[in-house]
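These notes concern the structure reproduced below.
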Amino acid sequence: MSWGTELWDQFDNLEKHTQWGIDVLEKYIKFVKERTEIEINYAKQLRNLSKKYQPKKNSKEEDENKYSSCRAFLSTLSEMNDYAGQHEVISENMTSQITVELARYVQELKQERKAHFHDGRKAQQHIETCWKQLESSKRRFERDCKEADRAQQYFEKMDADINVTKADVEKARQQSQLRQQMAEESKGEYSSALQRFNQEQRDHYHTHIPSIFQKIQDMEERRIVRLGESMKTFAEVDRQVIPIIGKCLDEVTKAAEAIDQKKDSQCAVEAFKSGFEPPGDVEFEDFGQPLKRASSESSLAAQPGKEGKAGSKAKGKLWPFIKKNKGGGPEDFSNLPPEQRRKKLQQKVDELNKEIQKEVDQREALTKMKDVYIKNPQMGDAGSVEHKLAELGQNLERLRQEAQKFEGWLAEVEGRLPVKMEPARRQSGVCESQNTLTVNNCAQDRESSPDGSYTEEPSQESEVKVPAVSEFDDEFDDEEPLPTIGTCKALYTFEGQNEGTISVTEGETLFVIEEDKGDGWTRIRRSEEEEGYVPTSYVEVYLEKNAKGAMTYI
């Protein structure tokens with residue numbers, strides 16, 4: 001069975017097949033590399049584990065080594081260290097004997113394959129050139145035959161015409177003879193070309209191509225053999241360390257069998273035996289006799305002891321997680337149960353906030369770059385970043401609108417009610433008085449709404465939110481207006497639709513009466529009767545120096 005005879009017309013498929021064979025070899029190399037990495041990591045972890053449980057110097061653990069069970073454990077740790085070394089040997093041998101050798105062989109194989117298929121294309125081009133030459137000779141012979149026929153017909157016509165001179169007839173006769181001679185020459189050339197092509201074609205399909213394809217077949221079979229040998233080496237490398245690993249395990253077994261519970265019990269006796277005799281019987285004391293009572297020397301004497309209290313606090317961790325539901329659905333996740341929907345909406349809001357922050361950071365970086373270009377024109381054109389800044393502004397506006405939409409759905413599913421801002425702030429203080437975990441949850445929940453409210457379990461909501469509204473509304477109305485601590489400039493237009501917010505237009509300048517407390521909202525005032533909250537990212541704030549330090553942020 002030879003590729004040259006069986007697959008003589010499958011040049012393209014053989015090219016793909018041999019490339020696939022090289023890909024398989026490279027995939028196997030990658031597999032062995034990952035195996036060596038696993039062995040190295042496993043050995044490292046074993047060594048670290050052995051080191052972790054080794055007794056420390058000048059510690060109580062050294063005194064415990066007198067027990068046979070502890071010595072067996074130390075022996076196990078030592079053997080595990082040697083056990084790890086054998087896995088390092090596996091990694092090293094696989095790297096040197098398989099991956100390095102196969103990688104070198106793959107490079108040689110690629111060069112050999114390239115040369116064989118280059119020869120095949122060259123042979124194919126040669127036979128195509130011979131075919132073109134044959135076709136050219138054939139067309140020329142056909143053309144000369146047609147011209148000879150026309151010349152012969154013209155001569156016969158002239159010879160039959162009595163009005164034509166003898167000279168014209170002779171000229172036509174000579175032209176006909178010339179064309180006939182040319183046709184004969186073309187016929188000879190075509191016949192020769194045909195014989196040459198047939199010979200070249202026989203050589204091509206019966207000699208050249210079989211020879212090239214045979215070389216390709218030999219190359220592919222060598223690749224298969226080499227892959228099989230590498231697989232054997234893969235197993236042999238592992239098998240070589242089995243005796244040593246077996247010895248390590250035998251030593252562990254030997255150490256375990258050397259444990260002597262009686263000796264360990266005797267060691268405990270020697271370590272903790274006091275040497276005192278047990279107390280004797282308590283003598284009867286007769287109180288009816290005159291004062292002749294004597295203390296019993298054999299009574300159980302009070303011995304000093306130490307009392308210790310061990311207390312520990314177990315503080316559990318709450319591991320928050322969000323279960324991702326696969327499949328499509330409405331944009332507002334209304335097809336999900338309420339709690340799952342809330343988690344999905346909260347996740348979406350968090351993702352949008354991250355994207356918004358990313359866009360803001362990019363805008364800040366581009367703004368700084370623009371300022372540098374303005375101050376140093378030789379470093380770049382400031383106008384080159386204008387388009388990108390405008391694009392970032394549009395993206396920010398779109399993301400903010402999207403976040404506002406999902407926050408509205410989130411507020412709907414959580415059942416939030418619009419409340420005045422100051423009671424909400426104080427309500428958040430209730431949240432802050434709880435444990436750290438509750439504080440974090442409260443802070444996370446109130447990030448997405450200017451009213452500062454949050455929602456936990458239904459029972460907690462009724463306990464916290466209702467008193468917050470009823471107890472502090474009157475106090476909020478009686479408070480004095482907050483003083484101005486700075487000014488701000490609106491970077492974007494914001495439509496304040498919730499109670500407690502205020503609408504601003506792009507470029508408008510307003511007064512700041514309360515800076516961002518970490519929830520993403522800044523309290524501003526337009527006039528004595530017009531104040532509320534706006535997103536911090538929508539304004540550029542300038543705090544007064546005598547307030548809380550000169551500070552500018554976006």
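The values are calculated or read from the model by the stated rules, or taken from the named source; none is laboratory data. Since this is a predicted model, take the numbers as computed values, not measurements. Note that we place each Cβ from the backbone using ideal geometry, even for glycine, and neighbour counts take in every protein chain shown. With ligands, DNA and RNA removed, areas are computed over all heavy atoms of the protein, side chains included. Shrake-Rupley method; radii C 1.70, N 1.55, O 1.52, S 1.80 Å.
Using DSSP to call loops (not H, G, I, E or B), can you name the GluC sites (Glu not before Pro) in the stretch 1-95 whose Cβ has at most 16 other Cβ atoms within 10 angstrom? Spell out each step's value before the answer.
Values: sites: 6, 15, 26, 34, 37, 39, 61, 62, 64, 79, 88, 92; in loops: none.
The qualifying sites: there are none.
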Computed on alpha carbon atoms, what radius of gyration and Dmax characterise the stretch 1-128, expressed in Å? 27.2, 91
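About the Cα centre of the stretch 126-174, how large is the charge dipole given +1 on each Lys and Arg Cβ and -1 on each Asp and Glu Cβ? Please answer in debye to the nearest 20. Before the final figure, lay out each step's value.
On the way: 11 positive and 11 negative charges, 32 e Å.
Dipole magnitude for the stretch 126-174 comes out near 160 debye.
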Residue span residue 202 to residue 174: 0.36 nm per residue of separation minus Cα-Cα distance leaves a gain in nm of 5.9 nm
Using a Förster radius of 41 Å, what is the FRET efficiency between residue 153 and residue 13 based on their Cβ-Cβ separation? Nearest 0.05, please. 0.15
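Over all distinct alpha-carbon pairs, what is the Kirkwood Rh of the stretch 1-40 in angstrom? Don't jump to the answer; show the numbers that get you there.
Numbers: mean 1/r = 0.0821 Å⁻¹.
Hydrodynamic radius (Kirkwood, Cα pairs) of the stretch 1-40 is 12.2 Å.
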How much length, in nm to one decimal, is gained on full extension between residue 242 and residue 31, taken as 0.36 nm per residue of separation minus their Cα-Cα distance? 73.8 nm
Scoring only Lys, Arg, Asp and Glu (+1, +1, -1, -1) among other residues with Cβ under 14 Å from the Cβ of residue 151 yields -1
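Hey, any idea what % of the stretch 175-225's accessible area is carbon plus sulfur with a 1.4 Å probe? Display every interim value, and only then the final one.
Details: 1490 of 3080 Å².
Here carbon and sulfur together make up 48 percent of the probe-accessible area.
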Modelling each spin label as a point 7 Å along the Cα-to-Cβ direction, I'd like the residue 365/residue 391 distance in nm, to one decimal. 1.4
Roughly how many debye, to the nearest 20, is the charge dipole of the stretch 91-222 about its Cα centre, given +1 on each Lys and Arg Cβ, -1 on each Asp and Glu Cβ, and no other charges? 260
Calculated FRET efficiency, residue 110 and residue 218, Cβ-Cβ r, R0 22 Å, to nearest 0.05? 0.90
Distribution of pairwise C-alpha distances over the stretch 85-240, 10 Å bins, in %: 10, 19, 15, 13, 11, 9, 8, 6, 4, 3, 1, 0
Just to be sure I follow the rule: in the stretch 110-228, considering lysines 8 or more places apart or on different chains, how many pairs have Cα atoms under 17 Å apart? 12
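Tell me the net charge near residue 394. Cut-off is 14 Å between Cβ atoms, residue 394 excluded, with +1 for each Lys or Arg and -1 for each Asp or Glu.
Working: positive: 363, 388, 398, 400; negative: 355, 359, 386, 391, 397, 402, 506.
Value of the local net charge: -3.
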Going through 358/388; 66/263; 66/262 one by one, the pairs whose alpha carbons sit over 18 Å apart turn out to be none
Per the charge dipole of the stretch 1-108 (beta-carbon charges, Lys/Arg positive, Asp/Glu negative, Cα centre), the residue among 45, 2, 94 reaching farthest to the positive end is 45
So, in nm, how far is label residue 376 from label residue 44 when the simple model puts each one 7 Å beyond its Cα toward the Cβ? 4.1
